[in-house]
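Q: My structure is below; once you've seen it, I'll send some questions.
The values are calculated or read from the model by the stated rules, or taken from the named source; none is laboratory data. Quick caveat: nothing in here was measured; it's all calculated off a predicted structure. For neighbour counting, all protein chains shown are included, and Cβ atoms are generated from backbone atoms with ideal geometry for every residue, glycine included. Calculation scope for accessible area: heavy atoms of the full protein, side chains included, ligands and nucleic acids excluded. Shrake-Rupley method; radii C 1.70, N 1.55, O 1.52, S 1.80 Å.
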Amino acid sequence: MAFLDIPNIKVSGISACVPNHKDENSSYPLEKDDRQKLISSIGVEKKRISDKNVCSSDLCFKAADILLKELKWDTEDIDCLVFVSQTPDYILPATSCILQERLGLKIECLTFDISLGCSGWIYGLSTISSIVFSGQGNIKKALLLVGDTISKMSSQLDKSTWPLFGDAGTATAIEYSTNNEDRIKFHLATDGSGANAINIKDGGYRNIFSAESLQINEFGDGIKRTNLELDLNGMDVFSFAISQAPKSVATLIERFGLKKESIDYFTFHQANLFLNEKVRKKLKLEQEKVPYSLSNFGNTSGASIPLTMVTELNESLRNKKLNHICCGFGVGLSWGSVYFSTNKIVCPDFIEY
């Protein structure tokens, strides 16, 4: 099984940036009763939608810029940058290369992209932590940038996706530390047999873009989209998530002998309220230990865990030592959980762009 136990890793700061524009689900074109039922189920009253000229990298850049300023980190000291997104700037080059230059990082900086969605922050954190540890002190500081502009791939005519997804970018600062308490533990898993549960059929190299890709197809009442837009099989995703997410958290706790009562916060990927509440109740967690940002920001894919920590746990992160378990799950199908501690870290208020 895919477990990691990585010493000498310190999470030093987390920041988040969202677009200025708010899209209110109260204005979504459904009958009033149907609209209210939808909002109550998914838990999303509004979310942020990026301008056509704003990419995930722009939101991550803004989040990283403010975080570096508050940390007072010299950009010359950053040795690694990992960008996790399914909405990169281009097919090529890698967006991480562009961000290295925009942030003014030195050219001897290890950078690369990871293409993952809902589990992206967990997987990105496992990757960057492994690199920092294996550097044995040669890689002292690193940036994990995770963000998506899902609105660019969602159909406004699809009630199963448009009311749910929002845009966001985040930055997480990682440091090499010789403090024995600074270690991070993971459980990671994948099931590619469910790849079609969340996908975009055209536009890659399996189904190259064609004129037919732009054709609007109807898949039921209130569900219209092109093959260049997000296809979400809600029932398959629901069944997967309520099974695997709590199992992953329980497996992590059991494997590493963690005490559930010693965890201050369980921060989950913000899938939708009905689904997330099923996960919380399966794990028998108190409501006050499970923060939500769904109401104001929606499902922001890989950015949802750090965004939720910034918006809902800001004061506690700044002023207390905290133990965390986080779990991400979704597109792939891919999922994972992580245990780590923070101790009065840098956590700026979320910013708008």
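Q: Tell me, please, whether a residue that is farther than 18 Å from Gly330 by Cβ, part of a loop (DSSP other than H, G, I, E, B), free of Cβ contacts under 8 Å to residues at least 24 places away in the same chain and open to solvent by 10 Å² or more (accessible area, probe 1.4 Å) can be found in the range 174-184.
A: no
For every residue, the table says whether it meets (1) more than 17 Å from the chain's Cα centre (by Cα); (2) over 19 Å from Ser155 (Cα atoms); (3) among the hydrophobic types (A, V, I, L, M, F, W, C).
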residue	(1), (2), (3)
Asp5	yes, yes, no
Pro19	no, no, no
Asp23	yes, no, no
Leu30	yes, no, yes
Leu59	no, yes, yes
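Q: Quick one: which of Thr75, Thr127, Thr111 is open to solvent by 30 Å² or more (accessible area, probe 1.4 Å), at pLDDT 95 or above and under 16 Å from the mean Cα position of the chain (by Cα)?
A: The unique qualifying residue is Thr127.
Q: Considering only the range 38-54, I want to know if a residue exists there that is among the charged types (D, E, K, R) and farther than 30 Å from Lys278 by Cα.
A: Yes, the range 38-54 has at least one match.
Q: Right, next: Can you run down the residue pairs with Cβ atoms below 8 Å, 6 or more apart or on separate chains, where the first is in the range 211-233 and more than 23 Å from Asn299 (Cβ to Cβ) and the partner is of a type in the set (Phe, Trp, Tyr) and surrounded by 13 or more Cβ atoms within 10 Å (Cβ to Cβ)?
A: none
Q: Still on this structure, I have one more. Filter the range 204-229 down to residues that are in contact with a Leu (Cβ under 6 Å, 6 or more places away or on another chain) and not basic (Lys, Arg) and give me whichever is nearest to Leu157 (Cα to Cα).
A: Thr226
Q: Mind counting the residues in the range 8-55 that are under 30 Å from Tyr176 (Cα atoms) and among the β-branched types (Val, Ile, Thr)?
A: Total satisfying the criteria: 4.
Q: Quick one: how many residues across the range 18-46 are out of contact with any helix residue (DSSP H, G or I) (no Cβ under 9 Å at 6 or more places or on another chain), open to solvent by less than 90 Å² (accessible area, probe 1.4 Å) and at pLDDT below 95?
A: Here the count works out to 1.
Q: Sticking with this one: Have a look at Ser239, Ser248, Ser262 and point out the one that is of a type in the set (Ser, Thr, Tyr) and surrounded by 15 or more Cβ atoms within 10 Å (Cβ to Cβ).
A: Testing whether each residue is of a type in the set (Ser, Thr, Tyr) and surrounded by 15 or more Cβ atoms within 10 Å (Cβ to Cβ) leaves just Ser248.
Q: For a quick check of your reading: which strands (runs of 3 or more DSSP E) sit entirely within the range 234-353 and have at least 3 residues that are closer than 21 Å to Asn199 by Cα?
A: Correct list: 321-330, 334-343.
Q: Further question: Of everything in the range 187-211 that's among the polar types (S, T, N, Q) and in a loop (DSSP other than H, G, I, E, B), which residue is least open to solvent (accessible area, probe 1.4 Å)?
A: Among them, the one singled out is Ser210.
Q: Considering each residue of the range 297-336, count those that are of a type in the set (Phe, Trp, Tyr) and under 10 Å from the mean Cα position of the chain (by Cα), and give that number.
A: Residues in the range 297-336 being of a type in the set (Phe, Trp, Tyr) and under 10 Å from the mean Cα position of the chain (by Cα): 1 in total.
Q: Of all the residues that make up the range 236-263, how many are free of Cβ contacts under 8 Å to residues at least 60 places away in the same chain and within 21 Å of the chain's Cα centre (by Cα)?
A: Matching residues across the range 236-263 total 8.
Q: Please work out which residue is farthest from Trp162 (Cα to Cα), limiting yourself to the range 218-231 and to residues that are modelled with pLDDT under 95 and open to solvent by less than 40 Å² (accessible area, probe 1.4 Å).
A: That would be Gly220.
Q: Next question, about the same structure. I need every pair where a residue in the range 11-39 that is touching a residue at least 60 places away in the same chain (Cβ under 8 Å) has its Cβ under 6 Å from the Cβ of a residue that is open to solvent by 80 Å² or more (accessible area, probe 1.4 Å) and of a type in the set (Phe, Trp, Tyr), sequence separation at least 6 or different chains.
A: Listed pairs, sorted by first residue: Cys17/Tyr353.
Q: Also, I was wondering about something else. Can you tell me which residues in the range 148-160 are surrounded by fewer than 24 Cβ atoms within 10 Å (Cβ to Cβ) and in contact with a helix residue (DSSP H, G or I) (Cβ under 8 Å, 6 or more places away or on another chain)?
A: Within the range 148-160, Lys159, Ser160 meet the criteria.
Q: Would you mind telling me which numbered condition in (1) open to solvent by 10 Å² or more (accessible area, probe 1.4 Å); (2) closer than 30 Å to Gly204 by Cβ Val82 fails?
A: For Val82, the exception is condition (1).
Q: Got at least one residue in the range 323-333 being over 28 Å from Ala64 (Cβ atoms) and either open to solvent by less than 10 Å² (accessible area, probe 1.4 Å) or in contact with a helix residue (DSSP H, G or I) (Cβ under 8 Å, 6 or more places away or on another chain) (or both)?
A: Within the range 323-333, one or more residues are over 28 Å from Ala64 (Cβ atoms) and either open to solvent by less than 10 Å² (accessible area, probe 1.4 Å) or in contact with a helix residue (DSSP H, G or I) (Cβ under 8 Å, 6 or more places away or on another chain) (or both).
Q: Consider Arg255 against the criteria (1) open to solvent by 60 Å² or more (accessible area, probe 1.4 Å); (2) touching a Phe, Trp or Tyr at 6+ places or on another chain (Cβ under 7 Å); (3) under 16 Å from Ser41 (Cα atoms): it satisfies all of them except one. Which criterion is unmet?
A: Going through (1) open to solvent by 60 Å² or more (accessible area, probe 1.4 Å); (2) touching a Phe, Trp or Tyr at 6+ places or on another chain (Cβ under 7 Å); (3) under 16 Å from Ser41 (Cα atoms) one by one, Arg255 breaks only (3).
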